[in-house]
Amino acid sequence: MSLDKALRFFNDLFGDDDPEEAFYDPVHLGAAVIVTMAVIGCLYWLLWTLLVYEGGLFLKLRALSQLLFTSKTLKGLGCEGSHAMGAFEGVFGNLTALLLSLAALAALHRLYHEGARKHR
């Protein structure tokens with residue numbers, strides 16, 4: 001292998017980049033990390049509010065089924081008006097998280113179908 005071939009090889013290997021080739025951009029990487037952390041935070045908030053906040057949505061569904069299908073009353077479930085909602089405490093937060101989760105799921109479903117349609 002001659003010296004010219006070796007220099008040409010190293011120049012091709014470490015020389016000027018092709019303008020069509022993707023390159024490392026630290027700003028893009030930092031933005032991707034921040035956006036990923038924000039999305040994870042939003043997902044955590046949604047799931048926590050939906051499943052844990054004031055007993056979660058399943059506790060409210062259980063209380064609602066007891067109210068509808070048994071002889072329990074609102075007073076028996078701890079409701080004393082707007083200041084003490086008993087088993088239904090936090091229902092507005094749970095329902096808000098449910099609606100936001102369904103909206104996010106619908107948006108992701110729509111994006112998936114648009115991508116699948118373009119791929120065909």
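Cβ-Cβ contacts under 8 Å between residues 6 or more apart (or on different chains), taken from a first residue in segment 43-61 that is closer than 15 Å to LEU77 by Cβ and free of Cβ contacts under 8 Å to residues at least 60 places away in the same chain to a second residue that is assigned to a helix (DSSP H, G or I) and polar (S, T, N, Q), are listed as GLU54/ASN94; LYS60/ASN94.
Of the helices (runs of 4 or more DSSP H) lying entirely inside segment 1-86, the ones with 1 or more residues being surrounded by fewer than 12 Cβ atoms within 10 Å (Cβ to Cβ) and at pLDDT below 80 are found at 3-14.
Quick one: would you say LEU100 is assigned to a helix (DSSP H, G or I) and surrounded by fewer than 10 Cβ atoms within 10 Å (Cβ to Cβ)? So LEU100 fails the test. Of all residues in segment 87-106, exactly one satisfies the criterion of being modelled with pLDDT of 95 or more and farther than 17 Å from TRP45 by Cβ, namely ALA106.
Can you name the residue in segment 41-95 that is among the basic types (Lys, Arg) and in contact with a helix residue (DSSP H, G or I) (Cβ under 6 Å, 6 or more places away or on another chain) and, of all such residues, is nearest to LEU105 (Cα to Cα)? Restricting to residues being among the basic types (Lys, Arg) and in contact with a helix residue (DSSP H, G or I) (Cβ under 6 Å, 6 or more places away or on another chain), the top hit is LYS60. Number of residues in segment 51-66 that are among the small types (Gly, Ala, Ser) and closer than 11 Å to PHE88 by Cβ equals 2.
The values are calculated or read from the model by the stated rules, or taken from the named source; none is laboratory data. Keep in mind it's a predicted model, so treat the numbers as computed, not measured. Cβ: placed from backbone, ideal geometry, glycine included. Neighbour counts: every protein chain shown.
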